[in-house]
């Protein structure tokens, strides 16, 4: 568990979960992202995940 706390990918995933929960449960947060940009935001999230994977040098044990 301690090694997971040093994983950038795990921190990014945690942020996605928190943002998703906020987005789903609070209507004022839904105004942050214009629906026109949903597709672009998924592309950006995918790119960030790929970059984090490439800079990861050790497996999480």
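Rule-based calculations on the coordinates, nothing more; no lab input. As the structure is a prediction and not an experimental result, all values here were calculated from the model. Counting neighbours? That spans all protein chains shown, and the Cβs are built from the backbone with ideal geometry, glycine included.
Here are a few things to note about the model shown:
- Sorted fewest first by neighbouring Cβ atoms within 10 angstrom, 8, 36 come out as 36, 8.
- Stretched out straight at 0.36 nm per residue, the stretch from residue 13 to residue 29 would grow longer than its current Cα-Cα span by 3.9 nm.
- Ratio of Rg to Rh over the stretch 4-55 (Cα coordinates, Kirkwood Rh, two decimals): 1.03
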